[in-house]
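Some notes on the structure that comes next.
The values are calculated or read from the model by the stated rules, or taken from the named source; none is laboratory data. All values reported here derive from a predicted model rather than from experimental measurement. Note that we place each Cβ from the backbone using ideal geometry, even for glycine, and neighbour counts take in every protein chain shown. For accessibility, only protein heavy atoms count, side chains too; no ligands or nucleic acids. Shrake-Rupley method; radii C 1.70, N 1.55, O 1.52, S 1.80 Å.
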Amino acid sequence: MSQQDIKVPDLGGADEVEIIEIIASEGDSVEAEDPILTVESDKASVELPAPAAGKIVKITAKVGDKVKEGDVIGTLEVSGGGDSADDGDGSGDAKAEKDAKAENDDKTDSEAKASDDKPAPKKAKSSGGSRKETVKVPSLDGFDNIPVIEINVSEGDSVEQEDPLVTVESDKATMEIPSPFKGKIGKILVKEGDKLSEGSDLLEMTVVADGDDNGDDEDDGAEQDASAGKESGSGQSGSSSGKAQDSAPQSQPQPQGSTYEPPSPGTKVHAGPAVRKLARELGADLTRVKGSGPKGRIIKDDVHAYVKSQLQQAQQGPGVGTGSGIPGVKLPDFSQFGEVEREGMSRMMAATATNMQRSWLNVPHVTQFDEADITEMEAFRKAQKTAGEKKGVKMTPLPFLLKACAAALMELPQFNVSLDMERKEVIRKKYVHIGIAVDTPHGLMVPVIRNVDQKGLWELAAESAELAQKARDKQLKPAEMQGACFTITSLGGIGGTAFTPIVNTPEVAILGVSKAAMKPVWDGKAFEPRLMLPLSLSYDHRAVNGADAARFTNLLTQLLGDIRTLLL
Ligand code: COA
């Protein structure tokens, strides 16, 4: 056994490449040529292979590092006779160098080769200012039978010269075949999985002629020249004409963007250069994109789908664990601590979770606490017991709260609004519909009582009891849960002294009610036993300021403290 440095081999002329993925880990046993890491040159992503079989002792490079030929990226304990021990001259890397060189040939050479060896696009038919061409596979740096892993275009697509047409992947490199022309894609002659070699027919396209391209009138040879000079490029990499160089469609695997945001450490991203470029352009973090291609490879459709879902989430507000820009909570394997079982969330639970998180993340919450003296209100309420039995309706504190809140919403209309942050507008509501949070065996539901300001206490008692029962029986219609201006959540029948409810967006305030309790209250001369009702008003501080919140709870305590004022 001996140790040798793992060095970056000849990169086919590329000065510096960026490490985009570390494939092998310390302690891994590798065979000769097993991929150790992936680099992205200006032409392709290439896997750098192990120079010999052995065990990875350490990897000193990291994702994002820029490396060049000869740089040490790690140490390998070579298995076997140790004959490949590094002698310092890099000879142990010879094979890797050869492989990498073969796959990532010098750009200048490739361009020269493109001009020399490129199968000439076959002229099919001329039509006005455009013509049909069959695009063929260019030189693949000596490789053949490389499978197509992604078709980057569809029939009917308009492409610019050098736009990627298909992506092929050898066992070590991913390359894109660029369009030699600007034009419209016709019939695609290959499919994913097909193996391509230089000269294979790739697709048909209608080439859009430049304004000064009158190649239609010329013979094949002349047209070829025109095409070489204006569209397909001369490919004369040795030419001193910078213009020709600039416009040359290089029928070789194409350069990719130069900036690359390294994925989170330890996250492997399997994606070709075009996909990485697209992700960079769209600002998509590929480590978050699920690949649907072969072996989980990320394809362009995956990036588009990811970006679309992110946009949808952004429009709807952040979802649970995603879209908020806040990293999701990573779950440990709970079974290591004891027995567990998993159960799918009900739709209602999932919807409630999403709504709660959306509200929590979107709304700057503040909660104002107060207490209402409901001693008289309770005496009145209890006095209605017989009347209630006759009517078949139970009078609970809730109808009084509804009535008081309706009055407060009318007196302080800044609570009866929604915010349209996109249009920077406040939407004022001229109606008073109030939601009541109902605890049901299948989750929290919020039916809405309409026009609370126009209804009497018995009507509100009957309607709230009916809606609560419907909620428990899962009988609520969607319309019965929509349109609230404000919500009351009463835990008074259960207990507690205070809590901080979450605003039911797009409303801007919610009243939490806790259990009323007898308390000694100083009346200026003595302590009196009074029934005090704890109120917790959470509000959206963008819409409502603290002073208004204090006014709102003040008003509630006055109204509930003397229910005659509800009639005024
Ligand atoms: N203080 C003391 N007692 C109270 C009270 C309060 N704030 N509010 C209600 N009570 C009493 C009622 O008077 C009744 O007692 P009684 O039978 O002796 O007259 C008892 O508690 C039960 O009342 P309840 O059935 O809860 O009626 P309600 O009209 O007050 O409330 C709902 C109806 C639908 C709001 C209620 O049943 C409910 O579901 N609350 C939970 C809401 C929730 O889960 N919120 C949390 C959201 S995160």
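Could you grab the pairs with beta carbons closer than 7 Å, sequence gap of 6+ or different chains, first residue in the range 406-419 and modelled with pLDDT of 95 or more, second one among the polar types (S, T, N, Q)?
If the second residue must be among the polar types (S, T, N, Q), the pairs left are Leu409/Asn416.
Out of the residues in the range 462-494 that are near the ligand (Cβ under 8 Å from one of its atoms) and in contact (Cβ under 8 Å) with a residue 60 or more places away in the chain, which is farthest from Ala406 (Cα to Cα)?
Filtering the range 462-494 for residues that are near the ligand (Cβ under 8 Å from one of its atoms) and in contact (Cβ under 8 Å) with a residue 60 or more places away in the chain, the one farthest from Ala406 (Cα to Cα) comes out as Gly493.
Of all residues being open to solvent by 50 Å² or more (accessible area, probe 1.4 Å) and part of a strand (DSSP E or B) in the range 516-529, which is nearest to the ligand (Cβ to nearest atom)? Just the residue, please.
Top of the filtered list is Met518.
Out of Gly344, Gly338, I need the residue that is open to solvent by less than 40 Å² (accessible area, probe 1.4 Å), over 30 Å from Val544 (Cα atoms) and more than 14 Å from the ligand (Cβ to nearest atom). Which one? Can you show your working first?
Numbers: Gly344 fails: open to solvent by less than 40 Å² (accessible area, probe 1.4 Å).
Being open to solvent by less than 40 Å² (accessible area, probe 1.4 Å), over 30 Å from Val544 (Cα atoms) and more than 14 Å from the ligand (Cβ to nearest atom) holds for just one of Gly344, Gly338, which is Gly338.
Of Thr396, Thr375, which residue is within 13 Å of the ligand (Cβ to nearest atom), more than 20 Å from Ala462 (Cβ to Cβ) and surrounded by fewer than 19 Cβ atoms within 10 Å (Cβ to Cβ)?
Testing whether each residue is within 13 Å of the ligand (Cβ to nearest atom), more than 20 Å from Ala462 (Cβ to Cβ) and surrounded by fewer than 19 Cβ atoms within 10 Å (Cβ to Cβ) leaves just Thr375.
Which condition does Glu198 not pass, out of (1) touching a Lys or Arg at 6+ places or on another chain (Cβ under 9 Å); (2) at pLDDT 90 or above, if it passes all the others?
(2)
Hey, among the residues in the range 544-568 that are closer than 30 Å to Val363 by Cβ and not in a helix (DSSP H, G or I), which one's least open to solvent (accessible area, probe 1.4 Å)?
We begin by selecting, within the range 544-568, every residue closer than 30 Å to Val363 by Cβ; these are 544-561, 566.
Narrowing the set further to residues that are not in a helix (DSSP H, G or I) leaves 544-545.
Values: Val544: 2, Asn545: 75 Å².
Ranking the qualifying residues of the range 544-568, first place goes to Val544.
Would you mind finding the one in Leu535, Leu511 that is open to solvent by less than 30 Å² (accessible area, probe 1.4 Å), under 20 Å from Gly561 (Cβ atoms), touching a Pro at 6+ places or on another chain (Cβ under 8 Å) and within 16 Å of the ligand (Cβ to nearest atom)? Lay out the reasoning, then the answer.
On the way: Leu535 fails: touching a Pro at 6+ places or on another chain (Cβ under 8 Å).
Unique residue meeting the criteria: Leu511.
Would you mind finding the one in Ala61, Ala24 that is at pLDDT 85 or above, farther than 21 Å from Ala274 by Cβ, open to solvent by less than 40 Å² (accessible area, probe 1.4 Å) and part of a loop (DSSP other than H, G, I, E, B)?
Ala61
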